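Notes follow once the structure below has been shown.
The values are calculated or read from the model by the stated rules, or taken from the named source; none is laboratory data. All values derive from a computational prediction rather than experimental measurement. Backbone-built Cβ (ideal geometry, glycine too); neighbour counts: all protein chains shown. Only protein heavy atoms, including side chains, enter the accessible area calculation; ligands, DNA and RNA are left aside. Shrake-Rupley method; radii C 1.70, N 1.55, O 1.52, S 1.80 Å.
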Amino acid sequence: FAGTVVECGSGVTELKVGDKVFGESSNHGFAAMAEQVCVPVEVVTKKPKSLTMLESACLPIAAMTALQGLRDYGAIKPGERVLITGAGGCVGSMAVQIAKAYGCHVTAVCRGKHAAMVSQAGADIVVDFERDDYLTLGQTWDCVFDAACYRPIRSTMGVLNDNGRFVHVGGAGMGSIMRSLFLKPFYSWFTSKQIQIFVQTCNVPDLRELVQLCDAGKLKPCVTRTVTMDGVAGAMDDFENHKTFGKVGVAIIADDEEQSALSSDDEDVRR
């Protein structure tokens, strides 16, 4: 979510009424589709100056998942080779930008129709998984950030370098997660490769790191569709049926820039 502070608790000192802020409420009921929300100060901070309200609202969950997955669990370092699957999705598109900001060489896997967006996000190599298989490219990577999990984990582990890290982010239900949990100790005990599974947690220091990346021009959510509350049900149906890419924003109270997007004739926005 993103918006303007209208009231602060007595113990809040770092924010004040009138501040333009953003944050996320996944650990507090996901109650963000409303004109007003009440959240702990631990999950909100001042929004990036370089982003609109709508862009700021589209940032936290996806970008924080990418940040924590790559930095904390993928342990990426400048110069390393990173493979990102699901790069056309909300988390994957953020991961491409964050990996590049950390100085990595990025191979991004997505649908061909999303290749231009992913390339613009900074990917060094874009692989259309409907035509090519990254497992047969003859390349290896130091970190695989798997936001799609459409290939068997054991096969993907074969393209990891020694001491490589496989970060499990997405997947088709609990079966994918259970397979990772089952294989994790095997690879830890018998190889130098690691399987990492995590759940992102919102915190102010990471929100502020995202702000720094955005205001430095290194991170920006790709908002491909904007809806009002009347369009939420249809947007959720499209999301669940894998008909969306990038980020879909909900404008509860649209500012001038969001209103422009809502009335745009641009096909990508109205799709």
Filtering segment 221-236 down to residues that are in a helix (DSSP H, G or I) and touching a residue at least 40 places away in the same chain (Cβ under 8 Å), which residue is farthest from Gly88 (Cα to Cα)? Met229
Restricting attention to segment 21-66, and to residues there that are of a type in the set (S, T, N, Q) and surrounded by 13 or more Cβ atoms within 10 Å (Cβ to Cβ), which single residue is farthest from Gly92 (Cα to Cα)? Thr45
Tally up the residues in segment 42-73 that are without any contact (Cβ under 8 Å) to a residue 60 or more places away in the chain and within 26 Å of Val17 (Cα to Cα), please. 1
Could you list, in sequence order, the residues of segment 76-110 that are within 16 Å of Asp146 (Cβ to Cβ) and open to solvent by 40 Å² or more (accessible area, probe 1.4 Å)? Arg81
When segment 82-115 is checked residue by residue, the ones that are part of a helix (DSSP H, G or I) and over 18 Å from Asp132 (Cβ atoms) are Cys90, Val91, Ser93, Met94, Ala95, Gln97, Ile98, Ala99, Lys100, Ala101
Any residue in segment 203-217 that is modelled with pLDDT under 90 and not acidic (Asp, Glu)? no
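A quick yes/no check of all residues on (1) touching a Ser or Thr at 6+ places or on another chain (Cβ under 9 Å); (2) without any contact (Cβ under 8 Å) to a residue 40 or more places away in the chain; (3) among the polar types (S, T, N, Q):
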{"position": "Cys202", "(1), (2), (3)": "yes, no, no"}
{"position": "Arg208", "(1), (2), (3)": "yes, no, no"}
{"position": "Leu219", "(1), (2), (3)": "no, no, no"}
{"position": "Asp238", "(1), (2), (3)": "yes, yes, no"}
{"position": "Lys247", "(1), (2), (3)": "yes, no, no"}
Within segment 185-209, tally of residues that are open to solvent by less than 70 Å² (accessible area, probe 1.4 Å) and either in contact with a Phe, Trp or Tyr (Cβ under 9 Å, 6 or more places away or on another chain) or over 18 Å from Ala99 (Cα atoms) (or both): 14
Considering only segment 1-20, how many residues are surrounded by 13 or more Cβ atoms within 10 Å (Cβ to Cβ) and charged (D, E, K, R)? 2
